[in-house]
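These notes are about the structure you will find just below.
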Amino acid sequence: MDLFEYQGKQYFARFDIPVSKGGVADTDDEAVAQAEAAGYPVVVKAQVKVGGRGKAGGVKLAENADEVRFHAGNILGLDIKGHIVRRLWIENSSDIAKEYYASFTLDRPNKVHLGMLSKEGGVEIEEVAVTNPDAIARISIDPTVGLDLQTATDWVERADLDLEARDQAAALLVKLYRCYTEGDCDLAEINPLILTTDGRVHALDAKVTLDDNASFRHPEWEAFAWGETEDPREQMAKERGLNYIGLDGTVGIIANGAGLAMSTLDVVNQVGGTAANFLDIGGGANADVMAAALEVINTDPKVKAIFVNIFGGITKVDDVANGVLEALKRVEISSPIVLRLDGTNAAEGRAILQPHLSDRLIAEPTMLDAARRAVTLAGN
Ligand code: GDP
Ligand code: MN
């Protein structure tokens, strides 16, 4: 899960990484209140999970309440690379002497953590990597060893940060590494990490990606759920533990395995239809999972037909057939369902469904036939 900047800063603060004082606002009145609390001048910052907000007009300095109101009004609702701004972060403005870059992420092939530090921060790091690769000091960290202050101090020196920033930067990097490892991040990035005109080093931006596989040991991550998905279908699927992505078409799709689900989208497209979603129910498609999947798809008013495409492997088709029938007892489905069931115990599965087939529950022998039928029923 990616965090918004303000959430990333809240996370940093837990690990004692210095950030500016500030607060969130969803309206221009709230923005003014937060600015008064933080103290002028402030920065009004768009909260969207995409970089380059500054260039897109999503980061503005304000000296007083009128300016805060003006900028908040302009930034709320702004479209930044397809992300609509619904929340602002207002923080006490910093006087910047230098902008650096610092991050930790996984170096998977080498099974180590990769730290990157540069005195050329502020701009996109990809740009620095291309135009001035020597300006990035890298460090490989063995996860069983970690990062101590001495190593961080050498690293900061190698990156050639300004002398007055070095001690603070080294201490901050050790904290950032702790945040990254103990905090179970896949990425912890600060761009820019600044040296202020009065000689303080702190995080002016925060880009944090949490490792979802570690969520079981972080109940506090619940607090980061705001704005994670604006799509009510995705929200509902998430609550039911389904691997679902909402799309704009009219054919609802249920498949087992991500590969088959992707192929199902392709084949629906190929015969002139449009998919309403991606939904992989994974292995072991029992009645509960099938009912949950049908329920989510059923809430989508655009769906006109549902295509259930199951290839039995470890999952047996007769179990799936029973699952579908059981699910249909529990959920009232408004669209016709087209089934393509193949693989392990396919004949047994089809026999189970046979007496229940109708113009609302249709079986087709192949994936292509089923796609055609579903697309026709959807009226494409
Ligand atoms: P991004 O564009 O999405 O990466 O947003 P950032 O939070 O990194 O802000 C972009 C730029 O705005 C920074 O690189 C700074 O130059 C500038 N900026 C952000 N906060 C402040 C601040 O408190 N004071 C000043 N003077 N500039 C700021
Ligand atoms: Mn930034």
Thr105 vs. criteria part of a helix (DSSP H, G or I), surrounded by fewer than 18 Cβ atoms within 10 Å (Cβ to Cβ), away from ligand 1 (no atom under 16 Å from the Cβ) and touching a residue at least 12 places away in the same chain (Cβ under 8 Å): no
In the range 169-200, which residues are within 16 Å of ligand 1 (Cβ to nearest atom), among the small types (Gly, Ala, Ser) and closer than 13 Å to Leu3 by Cβ? Ala188
Within the set of pairs 6 or more residues apart or between chains, which connect a residue that is part of a loop (DSSP other than H, G, I, E, B) inside the range 176-204 to a residue that is modelled with pLDDT of 95 or more with Cβ atoms less than 6 Å apart? Asp184/Asp211; Asp184/Ala214; Thr197/Asp95; Thr197/Ala97; Gly199/Glu164; Leu204/Pro192; Leu204/Ile194
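Sort through Asp266, Asp248 and tell me the only one that's assigned by TED's automatic domain parsing to the domain that holds Leu328, outside any strand (DSSP E or B) and farther than 18 Å from Glu234 by Cβ.
So the residue among Asp266, Asp248 that is assigned by TED's automatic domain parsing to the domain that holds Leu328, outside any strand (DSSP E or B) and farther than 18 Å from Glu234 by Cβ is Asp266.
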Any residue in the range 77-102 that is in contact (Cβ under 8 Å) with a residue 24 or more places away in the chain sitting within a Cβ distance under 7 Å of a residue that is open to solvent by 70 Å² or more (accessible area, probe 1.4 Å) and assigned to a strand (DSSP E or B)? List the pairs, counting only those 6 or more apart or interchain. Ser93/Leu61
Name the pairs: first residue in the range 329-354 and more than 24 Å from Val375 (Cβ to Cβ), second residue buried (at least 17 other Cβ atoms within 10 Å of the Cβ) and of a type in the set (Lys, Arg), Cβ to Cβ under 6 Å, at least 6 apart or on different chains? Thr344/Lys316; Asn345/Lys316
Do we have any residue at all in the range 227-237 that's in contact with a Leu (Cβ under 7 Å, 6 or more places away or on another chain) and not small (Gly, Ala, Ser)? no
State whether one or more residues within the range 27-41 are modelled with pLDDT of 95 or more, near ligand 1 (Cβ under 9 Å from one of its atoms) and not assigned by TED's automatic domain parsing to the domain that holds Ala188. yes
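Results for (1) in the same structural domain as Asn243 (by TED's automatic domain parsing); (2) within 17 Å of Ala237 (Cβ to Cβ); (3) at pLDDT 95 or above; (4) under 32 Å from the mean Cα position of the chain (by Cα), shown as yes or no for each residue.
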| residue | (1), (2), (3), (4) |
| --- | --- |
| Gly284 | yes, no, no, yes |
| Ala293 | yes, yes, no, yes |
| Ile314 | yes, no, no, yes |
| Val320 | yes, no, no, yes |
| Ser334 | yes, no, no, yes |
| Pro355 | yes, no, yes, no |
| Ala370 | yes, no, yes, no |
Looking at (1) farther than 19 Å from Ala292 by Cβ; (2) open to solvent by 60 Å² or more (accessible area, probe 1.4 Å); (3) not hydroxyl-bearing (Ser, Thr, Tyr), can you tell me which one Gly259 breaks? (2)
Only one of these conditions is not met by Gly282: (1) at positive phi; (2) in a helix (DSSP H, G or I). Which number is it? (2)
Filtering the range 185-200 for residues that are in contact with a Phe, Trp or Tyr (Cβ under 9 Å, 6 or more places away or on another chain), farther than 15 Å from Phe15 by Cα and open to solvent by less than 10 Å² (accessible area, probe 1.4 Å) leaves a count of 3
For residues that are touching a residue at least 40 places away in the same chain (Cβ under 8 Å) and touching an Asp or Glu at 6+ places or on another chain (Cβ under 7 Å), scanning just the range 117-149, find the one that is surrounded by the fewest Cβ atoms within 10 Å (Cβ to Cβ). Gly122
Qualifying positions in the range 200-228 - among the hydrophobic types (A, V, I, L, M, F, W, C) and over 30 Å from Leu161 (Cα atoms): Ala214, Phe216, Trp221, Ala223, Phe224, Ala225, Trp226
Quick check on Arg340: is it assigned by TED's automatic domain parsing to the domain that holds Leu279, closer than 27 Å to Asp248 by Cα and open to solvent by 60 Å² or more (accessible area, probe 1.4 Å)? no
Tell me, yes or no, whether the range 64-78 has at least one residue that is within 8 Å of ligand 1 (Cβ to nearest atom) and of a type in the set (Lys, Arg). no
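The values are calculated or read from the model by the stated rules, or taken from the named source; none is laboratory data. This structure is a prediction, so every number in the text was calculated from the model and none was measured. Neighbour counts are summed over all protein chains in view; Cβ atoms, including those assigned to glycine, are modelled from backbone coordinates with ideal geometry. Side chains are part of the model used for accessible areas, which takes the heavy atoms of the whole protein and leaves out ligands, DNA and RNA. Shrake-Rupley method; radii C 1.70, N 1.55, O 1.52, S 1.80 Å.
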